[in-house]
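Beneath this line is the structure, given in structure tokens, with notes to follow.
Readers should treat all values here as calculations from the given coordinates under stated rules, not as data from a laboratory. Just so it is clear, the structure is predicted and the values come from calculations on it, not from any experiment. For neighbour counting, all protein chains shown are included, and Cβ atoms are generated from backbone atoms with ideal geometry for every residue, glycine included.
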Amino acid sequence: DGVAPGKGLKCKLCTRALKKIQALAGDDPDEDAVAAALQKGCQALGRSKGRLCQQLVNKYRDQITEGLQNGDMPQDICAAIGICRS
């Protein structure tokens, strides 16, 4: 859909959402910490972005959880799930 590498609205949203979620989850999150952070992180983005964030989280929950638990960078997680180009 014509998204430039590392740019584009979805990529930016994904990266921002995951930075927020990562901060909320803490340094060595277990699954519960990540789940709580996923919930709060999307709400923190406001209503319209929060809804997109929630769809993203629901669709890619496992990959996001795994990435955060591995300590991957938000940009890398978003690239791994195909939203950003690496």
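With the Cα gyration tensor of the chain giving a ≥ b ≥ c as the square roots of its eigenvalues, does the rule (a/c under 1.5 for rounded; else a/b larger than b/c for prolate; else oblate) give rounded, prolate or oblate?
Here the chain falls in the oblate category.
Quote the charge dipole size of the chain about the Cα centre in Debye, to the nearest 20; the model charges only the Cβ of Lys and Arg (+1) and of Asp and Glu (-1).
780
Given bins 10 angstrom wide, list per bin the percent of all Cα-Cα distances in segment 46-85, short to long.
31, 54, 16
Just how many pairs of Lys in segment 1-77 have C-alpha atoms closer than 15 Å, counting pairs that are eight or more places apart or on different chains?
Lysine pairs meeting the criterion: 10.
Just to confirm a number: summing +1 for Lys and Arg and -1 for Asp and Glu over residues other than R51 whose beta-carbon lies under 14 angstrom from that of R51, what do you get?
Its environment carries a net charge of +4.
With the dipole of the chain worked out from charges on the C-beta (+1 for Lys and Arg, -1 for Asp and Glu) around the Cα centre, which of A37, I83, A23 lies farthest toward the positive end?
Farthest towards the positive pole: I83.
Per DSSP helix of 4 or more residues, -39500 (n - 2.57); summed, then divided by the residues of the chain. What does that give at 222 nm, rounded to the nearest 500?
-23500 deg cm²/dmol
What range in the chain is the longest one free of trypsin sites (Lys or Arg not before Pro) that are in a loop by DSSP and have at most 13 other Cβ atoms within 10 angstrom? The partial results should precede the final answer.
Values: sites that count: K7, R85.
Value returned for the longest uninterrupted segment is 8-84.
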